[in-house]
Amino acid sequence: MSLIEVRNLSKIFKTFDRKEGVWGGIQNLFVRQYRDLKAVDAISFSIDQGEMVGYIGANGAGKSTTIKMLTGILVPTSGAIKVGGYIPFRDRNSYTRTIGVVFGQRTQLWWDIAVVESFQLLKKIYNVSDKDYQERLETFDQVLNLKRLLHTPVRKLSLGQRMRCDLAASLLHNPMILFLDEPTIGLDVVAKENVRQFLRRVNQELKVTVLLTTHDLSDIEELCRRIMIIDKGRLLFDGALAELRERLACKSQVLLELKEPGKVNPAALGLNSDIEFKQLDEMRCQFIFDKRIVPSAELIKIVVNSLPVRDVVLEDTTIEEIVREIYSRGGIE
Amino acid sequence: MTTTLAPYLAFARIAFLQILAYRLRYFTGIITYLVNVTVYYFIWKAIYRGDTVIQGFNFPQMITYVAVGWIIRTFYYNNVDREIANDIQQGHIAGKLTRPVSYQWMQISQAAGESLFRLMMFTVPTGAVILLIYPVQAPRSVSSSGAFLISLLFAFVIFAAINFLIGICAVYLQSVLGLIRAKYFLIELLSGLVIPINFFPDSLVRWSQWLPFQHISYMPLMIYMGKVGGKELASVLLVECAWALALLLAGKWFWHVARLKLIVQGG
């Protein structure tokens with residue numbers, strides 16, 4: 001039996017349409033037309049102990065709602081969740097002792113006081129012994145460099161520093177599972193790398209099962225072998241990242257801006273025939289290609305050497321594009 | 001027991017520390033309370049001209065009632081309702097619900113930490129200044145001061161439990177600010193902070209006996225002044241205890257129901 005079992009999970013929010021204007025406002029007071037909003041629509045999956053799974057989707061796709069149901073915050077409208085034998089919403093009090101949760105968008109530390117005070121509070125809440133507390137802090141410090149942050153009020157930390165503290169805070173009680181909702185949002189490259197490195201160790205050395213949501217495909221590439229893609233509340237894909245790549249040609253694109261107006265003859269460049277070419281207007285053209293076949297450096301080199309180029313922009317496939325691609329194909333198969 | 005209580009003591013402690021970060025606000029608060037007492041002093045002085053006793057209160061007693069009423073308000077007062085509404089509307093509640101603690105007791109213990117801070121940094125200095133300026137009478141007896149302190153604890157719990165109930169309304173309402181304001185004025189009036197309850201029309205006095213609000217200010221003050229004593233005292237304390245428990249239970253039930261309807265905004 002898997003650690004996390006989710007069957008036909010749905011969450012429907014009731015919203016009402018607000019009418020505009022003064023008269024509409026008055027109408028709103030008396031008559032409301034409710035509308036069901038399916039945030040999560042009959043999804044099923046299971047996650048085994050020790051896995052590190054990436055959960056991706058665009059804004060409003062239902063990622064956070066799923067996480068909030070998995071962590072016992074929201075009650076499912078229908079369907080079943082079982083995590084390590086607990087039903088999260090019903091067993092919230094005992095269940096939450098076994099999980100760690102990080103919300104990238106907001107800290108769970110107390111804003112105006114030193115970080116260490118929040119840690120002390122968590123130590124009390126989870127009844128962590130002095131010895132365990134010290135040991136864990138020591139372990140986290142090795143990767144996260146916490147020591148010099150501990151006596152700073154949270155509001156004075158940078159976003160990256162704060163995230164490091166939030167991560168440590170979520171693991172002080174040695175949870176079985178760690179849920180992370182957008183842990184790298186808003187972080188710079190260095191801070192992102194720091195977080196990823198830490199998560200990798202948490203998963204590999206401490207054997208914590210990790211489920212993380214993200215916008216950033218590179219998080220997934222670096223961390224997770226398995227991804228789940230959700231859109232409009234439905235699970236579109238659940239499997240290995242490599243598999244997704246194989247099934248969908250992941251196209252990158254190079255946008256060129258020319259020095260002077262002109263027509264580009266792609267045939268003259270002697271490019272691989274898999275590269276798609278489009279002239280957008282007199283000044284700009286676009287190459288769409290598969291990185292696995294043509295390395296981007298190679299393409300850019302050829303183009304820059306043979307054309308009067310003013311500017312080159314390289315764009316990778318975004319999650320939004322993958323999702324769009326899945327849709328345009330009418331599913332993953 | 002120690003392991004179940006420990007988290008809540010820690011919440012009280014952290015609330016204490018959190019307020020310490022804003023201590024400046026409290027020094028201006030002392031002045032506000034002083035002004036309030038001064039205003040009531042002159043109002044009552046004008047009312048008492050010529051009269052020696054109104055509804056069983058002579059002038060020194062009335063000043064004691066007003067001054068002690070404001071002094072104890074610095075202790076029992078809290079903003080639990082605002083904190084909860086904020087948690088719900090801003091979505092901070094999500095993080096708090098991932099902790100293995102009761103949300104209700106978390107809020108009430110934080111309020112207790114805040115009250116402890118107020119007691120030290122606010123109640124005592126405000127009280128000292130007011131005692132220096134105005135002719136405030138001491139408690140009637142040792143036993144009435146003991147009972148007064150107990151009733152103050154109940155006042156705190158009743159006030160916090162009512163605020164918890166109001167705060168949870170934010171699950172259902174888009175904005176609870178109006179409700180919070182209405183409650184604020186209702187409690188100022190019905191707790192007897194502004195006017196002793198026996199000054200109200202008879203029907204309101206009767207109603208008031210069946211409501212919890214008079215136990216926030218009026219009853220503790222009547223106990224302080226020795227106007228409630230003997231057998232009556234025991235039954236008043238018992239009623240206060242019952243109200244505190246009933247309101248806590250009501251809050252627990254309301255939260256249990258509201259949690260099913262909870263929507264977490266953002267993130």
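Read-outs throughout are calculated quantities, based only on the coordinates presented, and are distinct from any laboratory measurement. In this text, all values refer to a predicted model and were calculated from it rather than measured experimentally. All Cβ positions, glycine included, derive from the backbone under ideal geometry; neighbour counts span all protein chains shown.
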Using a Förster distance of 41 Å, how high is the FRET efficiency between residue A:311 and residue A:35, based on the Cβ-Cβ distance and rounded to 0.05?
0.35
Cα-based reach from residue B:45 at 28 Å (exclusive), listing lysines while leaving out same-chain residues under 8 positions away
B:227
Mean separation of Cα pairs under 8 Å and 6+ residues apart, divided by the residue count of region A:4-246: what relative contact order is that in percent?
27 percent
Let's test the formula: R0 of 25 Å, r as the Cβ-Cβ distance of residue B:211 and residue B:175. What FRET efficiency results, to the nearest 0.05?
0.45
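Restricting attention to region B:37-74, which trypsin sites (Lys or Arg not before Pro) occupy a DSSP loop and are surrounded by at most 10 other Cβ atoms within 10 Å?
Qualifying residues, ordered by number: B:49.
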Subset of A:11/A:82; A:131/A:156; A:123/A:147; A:147/B:96 violating a 23 Å alpha-carbon distance limit:
A:131/A:156; A:147/B:96
Rounded to 0.05, the calculated FRET efficiency for the beta carbons of residue A:17 and residue B:257 at R₀ = 25 Å is 0.45
Here the averaged projected area of region A:251-316, based on the convex hull of its alpha-carbon atoms and given in nm², is 3.8 nm²
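When DSSP beta bridges are limited to those with both residues in region A:144-276, what percentage is antiparallel, rounded to the nearest 5?
In region A:144-276, DSSP labels about 55 percent of beta bridges as antiparallel.
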Please get the size of the charge dipole for region A:4-246, origin at its Cα centre, with Cβ charges of +1 on Lys and Arg and -1 on Asp and Glu, quoted in debye to the nearest 20.
760 debye
Straight-line reach from residue A:251: which lysines have a Cα under 27 Å away, not including same-chain ones fewer than 8 places off?
A:63, A:192, A:232, A:259, A:263, A:278, A:291, A:301
Tell me which residues come under 5 Å, amide H to amide H, from residue A:51 once H is placed; ignore anything under 5 positions away on its chain.
A:210
Between residue A:75 and residue B:82, what is the spin-label point distance in nm, taking each point 7 Å from the Cα along the Cα→C-beta axis?
3.1 nm
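Quick one: which of B:213-219, A:113-119 comes out on top by average Cβ neighbours within 10 Å, and what's the full order, highest first?
Top of the packing list down: B:213-219, A:113-119.
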Distance between modelled label sites at residue A:277 and residue A:82, nm, 7 Å Cα→Cβ extension:
6.0 nm
Quick one: Cα centre-to-centre distance for region B:159-206 and region A:210-266, in angstrom?
56 Å
If you build the Cα gyration tensor of region B:130-267 and take the root of 5 times each eigenvalue, what three semi-axes come out, in whole angstrom, biggest first?
32, 17, 15
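Rg to Rh for region B:2-261: what is it, with Cα atoms only and Rh by Kirkwood?
A ratio of 0.98.
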